[in-house]
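Some notes on the structure that comes next.
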Amino acid sequence: MTPPMTTLDTTARCCDPFVWGQGPKTLEVFLEPTCPFSGRAFGKLDALLALAGAERLTIKLRLNSQPWHAFSPTLTRAVLAASTTPGGKDATKAVLAAIAAHRDEFEPTQHCQGPLLDRSPAQLLARLEELSGIPLRAAFEDPALTTEVKWQARYARQNGIHVTPTFMVDGLVVSDMSSGDAVEVWLGKLGLG
């Protein structure tokens, strides 16, 4: 049996870590790329960091692929692939923003119906490259990326993460934080208001 991974298990990881800020308070946000609630939370993270101050808050973005989102594994890998490009974590932001802004092009109706079912992973990647401006195919096809995909899955599982977005503050899940909350409410829950 493989021992549990910790945040220190980074030697084989290839991605630019999704970390913004360097404050003592740590907010980890678990997102799924096609989840509309994750998209809403993602859209507030820059404002949160600006309000809190990068010297007071560290934001760590985590990905949690969910099986009911039909293309979740492909798009999660694409987001991770973006972080290995020259744009690093900024490229990751561009890819996540493109998915959130064009969710209907990446998530079948009711998770299981409609013309998107005829899309291949290659077609999804091509469309995502077009929308984000980030070249993804070569990075997506790098076998080394699988280590990062597995790390993200294991990290979420070991922390009992199921739904997205899920918020962890200083290592503890905060179940009453929601993507529907105003950024100022988040600040209060972080003790930074």
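One line per residue, one yes/no per condition, for (1) over 12 Å from the mean Cα position of the chain (by Cα); (2) over 15 Å from Glu28 (Cβ atoms); (3) touching a residue at least 40 places away in the same chain (Cβ under 8 Å):
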position: Ser38; (1), (2), (3): no, no, yes
position: Gly43; (1), (2), (3): no, yes, yes
position: Asp46; (1), (2), (3): yes, yes, no
position: Leu49; (1), (2), (3): yes, no, no
position: Glu55; (1), (2), (3): yes, yes, no
position: Ile59; (1), (2), (3): no, no, yes
position: Arg62; (1), (2), (3): no, no, yes
position: Trp68; (1), (2), (3): yes, yes, yes
position: Phe71; (1), (2), (3): yes, yes, yes
Fill in: helices (runs of 4 or more DSSP H) completely within region 93-189 that count 3 or more residues being loosely packed, with under 14 Cβ neighbours inside 10 Å
121-132, 145-158
Worksheet item: If you check Ala82 against the conditions, is it assigned to a helix (DSSP H, G or I), open to solvent by 40 Å² or more (accessible area, probe 1.4 Å), in contact (Cβ under 8 Å) with a residue 12 or more places away in the chain and not charged (D, E, K, R)?
Response: no
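The values are calculated or read from the model by the stated rules, or taken from the named source; none is laboratory data. Because the structure is a prediction, the values reported are computed rather than measured. FYI the Cβ positions are ideal-geometry reconstructions off the backbone, even for glycines, and counts take in every protein chain you see. These accessible areas exclude ligands, DNA and RNA; they are computed on the full protein's heavy atoms, side chains included. Shrake-Rupley method; radii C 1.70, N 1.55, O 1.52, S 1.80 Å.
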